[in-house]
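The values are calculated or read from the model by the stated rules, or taken from the named source; none is laboratory data. Source: prediction; values computed, not measured. Counting neighbours? That spans all protein chains shown, and the Cβs are built from the backbone with ideal geometry, glycine included. To get the accessible areas, we keep the full protein, side chains included, count just its heavy atoms, and leave off ligands, DNA and RNA. Shrake-Rupley method; radii C 1.70, N 1.55, O 1.52, S 1.80 Å.
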Amino acid sequence: MKRALFLLATVSGLGLATPAAAQTVAITGGTVALGDGSAPIEGGTVVFRDGRVVAAGLGVAVPAGATIVDARGKWVVPGFVAGFTSLGLADADGVEESNDTGARTSPFNAAIDVTPAINPAEVKLANERLGGVTRALIAPDASGSIFAGQGAVIDLADDNDAVTRPRAFQFVELGERGGRAAGGSRPAAYAMLRDAFTQAQDYRRNPAAFGGREKDSLLKRGDADALLKVLDGAMPLVVHVERASDIRTVLGLTREYPKLKLVLTGVSEGWMVAREIAAARVPVIAAALADLPADFEALAATESNAGRMRAAGVQVALASTGASGGDHNLKQFAGNLVAITRVPGHTGLAWGEALAAITSGPAAALGMDGEIGSLRAGRRADVVVWDGDPLELSSAPTAVWIDGRAQPMQSRQRALRDRYLVPTEGALPKAYERR
Amino acid sequence: MWIGKRASACRWLAVGVGALALAACDAGGDRPKSASSKVPPKLFSRDPFPSTYRVYPGVPTLVRNVTVIDGEGGRIEGGAVLFADGKVVAIGQTLEAPAGATVIDGAGKFVTPGIIDIHSHLGDYPSPGVQANSDGNEATGPITADVWAEHSVWPQDPGFGRALANGGVTTLQILPGSANLMGGRSVVLKNVYARTMQAMKFPGAPYGLKMACGENPKRVYGGKGRQPSTRMGNVAVDRATWAKAASYRRKWDKYEKDGGDPPDRDIGMDTLRGVLAGEILVQNHCYRADEMAIVLDMAKEFGYKVTAFHHAVEAYKIADLLKANGTCAAVWADWYGFKMESYDGIGENLAILERAGACGMIHSDDQNGIQRLNQEVAKVLASGHHAGIDVPEQVAWKWLSLGPATALGIADKTGSLKPGKMADVVLWNGNPFSVYTRPEKVWVDGALLYDANDPGRRPVSDFELGQPGSGDVK
């Protein structure tokens, strides 16, 4: 009931006559940025119907009968795609009881699948949605093994069905963390990786003979099954590495396992091996503003990393890693990479590239840019209207659609804000203020 | 009588600055014992690791045709700032350049006071963050008032240079971590690389006492099977310790006044005595509104003041209470939801404090966040604006410099562009509340220590020298 009321309020605020489910919407007059790397277009139109983008750009005709949203003076952009994050997996990371991101003492590793844990009602989803985030790549944490398990792609819509693509990728640690998880060294991590792949192939050849049920088996049947998809290239293998030499080693894995569909994340020293990454056609989801030698594996970290990789032809997206205030701070990361284009010696991203790095970029890394991440025709209609430049700190979304459905512009944070805009108590305690 | 006067003068000097003055006081205490039953007191040094910071050479500099935000709520469009001999000389609409001054045209740019981060662990938790460098939490007992953060500071932390070049940070307080109820003394540093910690130490800045309430102490010590393991345990151990400190203070005050047999020295109690005497400022890690209220009452019970609550995620719920107690809240812009006591974080926290007339300021507690505190404030302005609270940019700058300077007890020296104050100045290449803006030049005490256009004015710490990426932009 409450949700329905919010929806109505939102919709009427936009001047829409009826709630938007399967209908045609045309957003007109705004500055439109497609999220595909191109520059924003002033006075553009975005049309979507039945949850999919029909057309976006200049000179787009408004279909007869479309609900028209006037976006003059505003910006219209795709929703941000956050990755890799734990949205929906942990109400509060530090509250162990609520946290499903890692499974330190589980006998399983690659088999772990975050899908059943995703909670669409977790309050962070609505909080982050109001910051313009509409999709997220959800990754488990590795702890007991180099294999963290299988991540999912979700939407942040106000409904009960969050999962866009379950088992969208396998996540593996192969830098310092991988070494620790494998028993203390990088060589141990590679031994574990190769052994796991070998066992998976054994399992394929003869599933009946494969053990994997013994207490001390390193790989369970489910793990082997999950890794076969990786070996076949049916599931991307997202590898977290930072150091230049680690990146090279990972790129070399395709000599042994030619079908691997690699995605690199972290990659603080990626700029040092940018041409090799580009030649291997491996996409990266990079830590945007990592500029400190935070570990020995990131000695050469610089904010110019993403820009230099892009300049070398690498397909670059930004990770929300380090977005301490929430995944919506991805836009701040992207904006900063535009800012450094004005600082001598730095290499940043053009505005359109920066937006792409937090929209179509992460989607493309998983082969999903045909589905989400931009306002190109056919994509799911994840559309956000902003009251200004979406990368600028002063801007905020004024309307959000996910799969073409208008979203309530309410969240628990907003309710708290409204309750305490005036901190003093009135005639009754604050607990009686139901806003 | 003579002794009493001498003692108080020495205390003042010790808190004030000089090693020389202290040496003189100590020498005074070394006089031969008199025959009377009352032996005159021998005073110990309040400043055994004195600042050796020196002001680096600068040239008289006039930045003109620039938007000036003075840090005290003032703003001049198309204005000018003049500094010389390490001090701000004047700000105004138009200023004359003295002979030989460097004149900078600031068209389209902004000048502000240097940013002050009241909550940093740079040096104590430096990069690289390896175990061998982890020196921020003496997590071996709930009360470690005896430790001093300055004894952990690694002056070569690469983070200092990033905070300077990307963040325009000119002063920062290094705190011990929050594993302990009383985690020890803080130190205030000028953000200038040096070979020794003492050479970074902000001259004359009072010490702080880091306290913590909430989840961290109870988790760390509860996990070791000892008190405190609950919030009530936190307060119990605090109160027991303050009661001891009150007794220690009485003994030492009496000794310093009357002489006689010196009481046993306790390094931790020295710090608590300094707090009770108002010489050391309490910087209290505390998230929840209800806990802050309890701490304020505990402070009244024992006669000390909480200068600032840090990480005060729920400060917005008790803005009136903080205002009534004259206690500040140092907060993040939008960190929330990472632990139970941060669950109620909202982006409007600082804006609500400001509207309620309470003292608020931004802080980082983070080696990355410290590089973008101006942007953190920009996010607060946006959240406030969308909630109907419009804080002018020039007022918001107080959250970045004068507010922290005040809560560090150094507002008479830095924190705003006021004639006579340290010339800690940042020239930004645009509006510093825009994501597209970066520091162009940063001066500390009038010395140009970062210049985006001059690779020679970009510090490279010892650790980074000769490593991959050494000397690169960062």
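Structure values in brief
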item: When residues of the stretch B:356-384 are limited to those that are open to solvent by less than 20 Å² (accessible area, probe 1.4 Å) and either in a loop (DSSP other than H, G, I, E, B) or in contact with a Pro (Cβ under 6 Å, 6 or more places away or on another chain) (or both), the one farthest from B:Lys323 (Cα to Cα); result: B:Asn374
item: Candidates B:Val444, B:Val460, B:Val425 - the one that is modelled with pLDDT of 95 or more and surrounded by fewer than 21 Cβ atoms within 10 Å (Cβ to Cβ); result: B:Val460
item: Subset of the stretch B:426-466 (residues that are over 23 Å from B:Val380 (Cα atoms) and β-branched (Val, Ile, Thr)); result: B:Val442, B:Val444, B:Val460
item: Selection from the stretch A:387-421 of residues that are acidic (Asp, Glu) and over 19 Å from A:Val81 (Cβ atoms); result: A:Asp387, A:Glu392, A:Asp418
item: Considering residues of the stretch B:57-80 that are among the hydrophobic types (A, V, I, L, M, F, W, C) and more than 25 Å from the chain's Cα centre (by Cα) only, the residue farthest from B:Lys398 (Cα to Cα); result: B:Val59
item: Within the stretch B:356-415, considering residues that are within 14 Å of chain A (Cβ to nearest Cβ) and among the basic types (Lys, Arg), the one farthest from B:Leu189 (Cα to Cα); result: B:Lys379
item: Those residues of the stretch A:270-308 which are more than 28 Å from A:Arg180 (Cα to Cα) and assigned to a helix (DSSP H, G or I), in sequence order; result: A:Arg275, A:Ala278, A:Ala279, A:Gly307, A:Arg308
item: Residue satisfying condition, being within 14 Å of another protein chain (Cβ to nearest Cβ), open to solvent by less than 10 Å² (accessible area, probe 1.4 Å) and of a type in the set (D, E, K, R), within set B:Asp117, B:Asp124, B:Asp157; result: B:Asp157
item: Any hit, the stretch A:171-181, residues being in contact with a Ser or Thr (Cβ under 9 Å, 6 or more places away or on another chain), surrounded by fewer than 22 Cβ atoms within 10 Å (Cβ to Cβ), without any contact (Cβ under 8 Å) to a residue 12 or more places away in the chain and in a helix (DSSP H, G or I); result: yes
item: The stretch B:264-317, residues that are on the phi > 0 side of the Ramachandran plot and open to solvent by less than 10 Å² (accessible area, probe 1.4 Å); result: B:His311
item: Tally of residues being over 24 Å from the mean Cα position of the chain (by Cα) and of a type in the set (Phe, Trp, Tyr) across the stretch A:250-302; result: 2
item: Answer residue from the stretch B:436-474, given it is among the basic types (Lys, Arg) and not in a strand (DSSP E or B) and is farthest from the other protein chains (Cβ to nearest Cβ) among those; result: B:Arg457
item: Residues (under 20 Å from the mean Cα position of the chain (by Cα), open to solvent by 40 Å² or more (accessible area, probe 1.4 Å) and touching a residue at least 60 places away in the same chain (Cβ under 8 Å)) located in the stretch B:409-422; result: B:Lys413, B:Lys418
item: The stretch A:381-396: number of residues that are under 17 Å from A:Leu34 (Cα atoms), facing chain B (nearest Cβ under 10 Å) and crowded, with 24+ Cβ neighbours inside 10 Å; result: 1
item: Elements of type helices (runs of 4 or more DSSP H) in the stretch A:317-385, at least 2 residues being within 11 Å of the chain's Cα centre (by Cα) and more than 21 Å from A:Glu128 (Cβ to Cβ); result: none
item: From B:Gly222, B:Gly214, residue being within 14 Å of chain A (Cβ to nearest Cβ), within 20 Å of B:Arg288 (Cβ to Cβ) and free of Cβ contacts under 8 Å to residues at least 24 places away in the same chain; result: B:Gly222
item: In the stretch A:413-435, the residues that are of a type in the set (A, V, I, L, M, F, W, C) and surrounded by 10 or more Cβ atoms within 10 Å (Cβ to Cβ); result: A:Ala415, A:Leu416, A:Leu421, A:Val422
item: Of all residues making up the stretch B:340-355, the number that are open to solvent by less than 10 Å² (accessible area, probe 1.4 Å) and not β-branched (Val, Ile, Thr); result: 7
item: A:Thr101 open to solvent by less than 20 Å² (accessible area, probe 1.4 Å) and within 14 Å of another protein chain (Cβ to nearest Cβ); result: yes
item: Qualifying residue in the stretch B:91-114 (condition: surrounded by 19 or more Cβ atoms within 10 Å (Cβ to Cβ) and under 16 Å from the mean Cα position of the chain (by Cα)); result: yes
